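All of the numbers you see were taken from the coordinates with simple rules; none came from a lab. Since the structure is predicted, the reported quantities are computational estimates derived from the model, not experimental observations.
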Amino acid sequence: MGFLSKLKPKYHHKVERKYIILKKRRQLNLTIDEEIIEAVKLLANALEVPRYVITEHLLQVGTYHVLEIIKDSENRRKLQKHLVDAHLLCNK
């Protein structure tokens, strides 16, 4: 039995209320590559957490690394080129 499944019957409502009070979340409704969606589902299942939890974590970690990368102008230019080529134009 999974970790969250054990906690859910006893703490389900307390945990939900805690997150509602402490964190305000918004839905982004973005177009995302199917491979990323499947990877998020796989990670969420493997770690036994809801998809939004792993997605939020991945965005948090990625944002931290991108902020470090763009401090250097050369790295910023390379990242911008990658984003346009690989993600905007889908030229993998």
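Summary of values
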read-out: Segment Leu83-Ile70, extension gain: residue separation times 0.36 nm, minus the distance between their alpha carbons; value: 3.4 nm
read-out: Extension gain (nm, one decimal) between Val40 and Lys24, 0.36 nm per residue minus Cα-Cα; value: 3.6 nm
